[in-house]
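Remarks on the structure that follows.
The values are calculated or read from the model by the stated rules, or taken from the named source; none is laboratory data. Here the structure is a predicted model, which is why all the values come from computation and not from measurement. Quick reminder, even Gly has a Cβ in these numbers, built from the backbone with ideal geometry, and neighbours come from all protein chains shown.
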Amino acid sequence: MDAAERFLGGDDIEIYKVELWAKYAGAVDYDQMHHRDFGNHTLVVPRTDGEHVQMTTFILLSDVTELDGPTKVVPLEIGRDIPILPREQPFGALLDKEVSVEAPAGSLFIYKTDILHRGSNFKAPGRSRFAMLVDFQRRGWRWNGKMSWPDHAGRPGMTEAMVRMSPRERDLFGWPPAGSDYWNAQTLRDVALRYPGIDMTPYGGARSP
């Protein structure tokens with residue numbers, strides 16, 4: 001959250017996408033063309049002046065070496081001069097310009113939706129790679145996004161997550177903040193019923209059973 005607030009220039013931010021990725025050597029061909037991610041993150045195109053930036057990330061959950069199919073990235077100083085469309089570049093055209101994202105588990109890789117990058121193949125059998133992709137933007141840009149959190153709310157994992165989150169973490173998913181006119185005696189009571197074990201005291205209620 002701290003990185004996102006600094007990257008996006010404020011604390012009025014939201015999470016618009018979370019994915020958990022697992023890759024296994026030999027499962028599929030992971031080699032990709034260099035591409036930009038904005039195609040399924042926005043209805044329009046990224047601005048190139050540093051405004052209206054979406055922050056995309058990889059949180060590495062396992063060590064990633066050259067053997068583990070690392071993400072390959074074209075540095076901004078090279079990619080910025082390549083037209084934004086088409087989103088995909090001819091296969092192999094930028095191989096001599098790319099940088100390999102290799103780092104230990106727990107590392108955070110931050111990039112933007114206009115950065116050229118690609119997936120690469122494993123270079124040894126029996127290898128695996130795990131990462132969580134968590135993407136942020138300033139709140140309220142209705143032309144951007146990738147997931148609808150209410151659509152996920154009925155899933156057991158999401159229910160458990162909402163109970164365990166801090167109020168600040170819930171806020172990143174669009175949860176009504178403390179002081180919102182949404183909260184009254186009825187909503188405090190019924191939200192507590194929907195999420196057993198949640199602490200409603202920050203919103204004016206009590207901890208649910």
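Just a few scattered comments:
- Qualifying residue in the stretch 136-158 (condition: surrounded by 17 or more Cβ atoms within 10 Å (Cβ to Cβ), under 16 Å from Tyr30 (Cα atoms) and either modelled with pLDDT of 95 or more or among the hydrophobic types (A, V, I, L, M, F, W, C) (or both)): no
- Filtering the stretch 7-53 to residues that are among the basic types (Lys, Arg) and surrounded by 11 or more Cβ atoms within 10 Å (Cβ to Cβ) leaves Lys17, Lys23, Arg36.
- Of all residues in the stretch 160-174 being surrounded by fewer than 17 Cβ atoms within 10 Å (Cβ to Cβ) and of a type outside the set (Gly, Ala, Ser), the one that is nearest to Tyr16 (Cα to Cα): Glu169
- Taken over the stretch 17-40, the criterion of being farther than 15 Å from Glu88 by Cα and not small (Gly, Ala, Ser) is satisfied by Lys17, Val18, Glu19, Leu20, Trp21, Lys23, Tyr24, Val28, Asp29, Tyr30.
- Looking across the stretch 117-132, just one residue is closer than 13 Å to Asp29 by Cα, in contact with a strand residue (DSSP E or B) (Cβ under 7 Å, 6 or more places away or on another chain) and part of a loop (DSSP other than H, G, I, E, B), and that is Ser120.
- Criterion (surrounded by 13 or more Cβ atoms within 10 Å (Cβ to Cβ) and under 27 Å from the mean Cα position of the chain (by Cα)) met by exactly one of Ser107, Ser180: Ser107
- Within the stretch 123-138, considering residues that are within 14 Å of the chain's Cα centre (by Cα) and aliphatic (A, V, I, L, M), the one nearest to Gly174 (Cα to Cα): Val134
- In the stretch 31-72, the residues that are in contact with a Pro (Cβ under 6 Å, 6 or more places away or on another chain) and in a loop (DSSP other than H, G, I, E, B): Asp63
- The requirement of being assigned to a helix (DSSP H, G or I) and either touching a residue at least 60 places away in the same chain (Cβ under 8 Å) or of a type in the set (S, T, N, Q) (or both) is satisfied by Arg168.
To keep it simple, each residue is scored yes or no on (1) within 30 Å of Thr71 (Cα to Cα); (2) of a type in the set (Phe, Trp, Tyr); (3) touching a residue at least 40 places away in the same chain (Cβ under 8 Å).
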position	(1), (2), (3)
Ser128	yes, no, yes
Ala131	yes, no, yes
Asp135	yes, no, yes
Ser148	yes, no, no
Gly154	no, no, no
Thr159	no, no, no
Phe173	yes, yes, yes
Pro177	no, no, no
Asn184	no, no, no
